[in-house]
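Only one structure is covered here, and it is reproduced in the block below.
We did not get these values from a lab; they are worked out from the coordinates using the rules stated. Worth saying up front: this structure is predicted, and the values here are computed from it rather than measured. Virtual Cβ from ideal backbone geometry, glycine too; neighbours counted across all protein chains shown.
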Amino acid sequence: MEYRRLYIAYGSNINLEQMAYRCPNSKIVSKEMLKGYELEFRGVATIVPNDKSEVPVLIWEIDGRDEYSLDKYEGFPNLYRKELFEIEVDGEKKECMAYLMNKGQISPPTSYYYNVINQGYEANDMDTSYLRAALERSGCEQYFDEDMDEEFDEDDDFQMKL
C-alpha cells in the first residue's frame, strides 16, 4: 500500500497553483478550522498556540514524494518542524501533519508572498479576515494590494533561508 498522509496547509501551500506544481500527487480533502491556533507571520507564515483563536486550513492528502518536496520547501528540520494534530475532517477526527516554524520573530511578509496566500484563500473560499489580522499583527502598516498584478511563477521559491 502506498504511503499517504493528511497535511494541514495554512500559508502559501493553500495556493492551488503552487501545490499543483510542488506536490503533483496531492489532492484536497477538505477545508477546516484549526481551533486553538492563530496565523502568524515571521517573514513567512506559521501557526502559534492561542486558546482563543482559530485559523482556516486546507487539508491535503499527500504521498511520500509530495512530503519530500514539502520538506525541502519548508526547510525541514531547520526552519520548520513537523507536528501531528488531531483535527476534525468532514466530521471525523483524523491525524494530520503540519509544519510549524522553529524560531523567528514576528515580521511582515513580502507583498508577493502575502498575495500568494491571499489567492489561495480566495480560490478556496476561505475567510481572508484571518489573513489580514495576521498581517496587521506582524507590524505591517498597510494592506497589500490583493489584486496581484503578476501571476504565480512556478520557479519562485518563497522559502526563507537561514
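Observations
- Residues of the stretch 1-29 with an amide N closer than 14 Å to a point placed 7 Å from the Cα of R65 along the Cα-to-Cβ direction: 2-4, 20-27.
- Each Lys or Arg adds one and each Asp or Glu subtracts one; over the other residues with Cβ under 12 Å from the Cβ of L70, this totals 0.
- Over the chain: Rg over Rh, Cα atoms, Kirkwood Rh: 0.93
- The magnitude of the dipole of the chain, with charges of +1 and -1 set on the Cβ of Lys/Arg and Asp/Glu and taken from the Cα centre, is near 860 debye.
- Residues whose amide H comes within less than 5 Å of that of V29, counting only those at least five positions distant or on another chain, are I59, W60, E61 (H built at 1.01 Å from N in the peptide plane).
- DSSP-defined antiparallel bridges as percent of all bridges, the chain, nearest 5: 90 percent
- Between the residues Y10, Y68, G36, the greatest Cα displacement towards the positive end of the dipole of the stretch 4-137, with unit charges on the Cβ of Lys, Arg, Asp and Glu, is found for Y68.
- Förster radius 30 Å - calculated FRET efficiency between E17 and E92 (Cβ-Cβ, nearest 0.05): 0.55
- In sequence order, the stretch 50-56 has phi-based couplings of 7, 4, 9, 10, 7, 9, x Hz under the Karplus curve 6.51 cos²θ - 1.76 cosθ + 1.60, θ = phi - 60°, and Gly or Pro positions carry x.
- Subtracting the Cα-Cα distance of K72 and D125 from 0.36 nm times their residue separation leaves 16.3 nm of extension gain.
- Computed on the stretch 26-92, the Cα convex hull volume stands at 102 Å³ per residue.
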